[in-house]
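Beneath this line is the structure, given in structure tokens, with notes to follow.
Bear in mind that the values in this text are calculations on the coordinates, not laboratory data. This is a predicted model, so every value here is computed, not measured. Cβ placement follows ideal geometry from the backbone for every residue including glycine, while neighbour counts extend to all protein chains displayed.
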Amino acid sequence: MKTKIVKKYTYEGFGFPLKLHQVQMVKLGKEWAPKIDVRKVAKDVMKDLPFQASRLRGTQIRFIREFLGLSIGDFGSKVVYQSRMNVSKWEKFDKKPTNMDWTTEVVLRLYVLHKTVGKKPNNEKKFMKAYERISSMNFKNVGAKALSF
């Protein structure tokens, strides 16, 4: 099996672009495919999304919800305290910023942070530092940028 390393590769398997570095590619028939651990990449994305400098996009909302294994209704009622209709509307924004209420977005970012930090000892300080960082961010509706790993 032929392999090669690509310095920069844009992966779009989650519905939004991710810039990956030093990706091993495998030749399958006539095409090259990335050899990546999608679960690990998804976990890394979840750890970075709360700190993204721009507003969350519809594809990212869908990614978060599906990563958490929640229906639209459960995500709305248990995570962001919004109606199923609002969550569905946000997801339809696709690659554009959702324009959800700022406080709702902060709640969602903190929920994702909580899920990624976990309940390990000494994580309270880590969470509080991250909370301060997120709550003081000045989000801008800039063009969609790829997260970089």
Single residue of V80, V112, V87 found to be in contact (Cβ under 8 Å) with a residue 60 or more places away in the chain, crowded, with 20+ Cβ neighbours inside 10 Å and not charged (D, E, K, R): V112
Candidate set: segment 2-23, residues that are among the basic types (K, R) and more than 16 Å from Q52 (Cβ to Cβ); chosen: the one farthest from the chain's Cα centre (by Cα): K2
Residue check, R57 buried (at least 18 other Cβ atoms within 10 Å of the Cβ), in contact (Cβ under 8 Å) with a residue 12 or more places away in the chain, among the basic types (K, R) and out of contact with any helix residue (DSSP H, G or I) (no Cβ under 8 Å at 6 or more places or on another chain): yes
Residues of segment 36-54 classified as farther than 21 Å from V80 by Cα, surrounded by 13 or more Cβ atoms within 10 Å (Cβ to Cβ) and more than 9 Å from the chain's Cα centre (by Cα), total: 2
